[in-house]
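In what follows, a structure is listed as structure tokens, so that the remarks can point back to it.
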Amino acid sequence: MRLVDLTLSRGHLGSISFDDSTFAGVTWGAAFSGGRSGLVLTQVRFRRSRFESGAFSGTHLSAVEFLDSTFSGALLDLSNFDHVRFTRSAIPAAASIVRSDVVNRDHAPPAGVDDLALPTDQVSFTGIAFEGVHFRGWVRPEWFRGCTFTRCVFPVALRGEALAAGHNTLSRCLWSDEPVD
């Protein structure tokens with residue numbers, strides 16, 4: 001399947017697989033909020049899919065998997081993600097996210113308040129190659145396992161040592177608090 005220059009603003013996509021698909025210039029709209037309609041994806045699987053110059057703009061994703069998929073020039077707003085997995089299989093093609101923005105508008109719980117959810121209940125990245133990606137907002141090191149980061153920009157609160165603890169590799173990365181919006 002190939003979708004080009006399209007905005008999906010409301011509705012519900014569920015229990016569907018997209019294999020070897022291309023989404024170029026596709027904007028996946030914001031989730032339901034404040035009584036206005038929005039977009040929800042549940043139990044959707046993207047296998048070997050390509051996302052070029054598109055955006056997940058606050059879309060509600062639940063139990064969604066991106067397997068061996070690539071993102072280029074994308075905006076990934078993780079704020080409404082629930083059990084979303086970005087993974088790479090054993091096949092030679094690398095799953096990657098390049099020249100993109102990864103944003104989380106959520107905030108860390110205040111001091112003294114326990115976060116009862118596991119960090120990976122929101123999102124996880126396993127074996128993903130990040131290049132030239134700007135991470136903004138609250139980014140948790142537990143989200144990443146076996147990933148490589150080249151020329152990426154991270155928020156100051158995200159320590160390089162914490163990322164390295166997840167068997168991730170960092171090369172020529174910077175730390176700067178860039179605006180979320």
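The values are calculated or read from the model by the stated rules, or taken from the named source; none is laboratory data. Given the structure is predicted, the values throughout are model-derived calculations rather than measurements. No Cβ is skipped: glycine too gets one built from the backbone with ideal geometry, and neighbour counts run over all protein chains shown.
Could you check how many residues of segment 14-53 are of a type in the set (A, V, I, L, M, F, W, C) and either out of contact with any Ser or Thr (no Cβ under 9 Å at 6 or more places or on another chain) or modelled with pLDDT under 95 (or both)?
4
Looking for whichever is within 18 Å of the chain's Cα centre (by Cα) and at pLDDT below 95 here; the options are D181, D114. Which one fits?
Unique residue meeting the criteria: D181.
Residue-wise test of (1) in contact with a Gly (Cβ under 6 Å, 6 or more places away or on another chain); (2) among the polar types (S, T, N, Q); (3) surrounded by 12 or more Cβ atoms within 10 Å (Cβ to Cβ).
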residue: T120; (1), (2), (3): no, yes, yes
residue: R140; (1), (2), (3): no, no, yes
residue: G146; (1), (2), (3): yes, no, yes
residue: R159; (1), (2), (3): no, no, yes
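Would segment 54-71 turn up any residue that is among the aliphatic types (A, V, I, L, M), modelled with pLDDT of 95 or more and surrounded by 22 or more Cβ atoms within 10 Å (Cβ to Cβ)?
Looking through segment 54-71, at least one residue is among the aliphatic types (A, V, I, L, M), modelled with pLDDT of 95 or more and surrounded by 22 or more Cβ atoms within 10 Å (Cβ to Cβ).
Quick grid of which residues meet (1) part of a strand (DSSP E or B); (2) without any contact (Cβ under 8 Å) to a residue 24 or more places away in the chain; (3) under 20 Å from F144 (Cβ atoms); (4) under 16 Å from the mean Cα position of the chain (by Cα):
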position: T27; (1), (2), (3), (4): yes, no, no, yes
position: A31; (1), (2), (3), (4): no, no, no, yes
position: L41; (1), (2), (3), (4): yes, no, no, yes
position: L61; (1), (2), (3), (4): yes, yes, yes, yes
position: D82; (1), (2), (3), (4): yes, no, yes, yes
position: V102; (1), (2), (3), (4): yes, no, yes, yes
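Can you confirm whether segment 154-167 contains a residue that is assigned to a loop (DSSP other than H, G, I, E, B) and under 18 Å from V98 (Cβ atoms)?
Among the residues of segment 154-167, not one is assigned to a loop (DSSP other than H, G, I, E, B) and under 18 Å from V98 (Cβ atoms), which makes the answer no.
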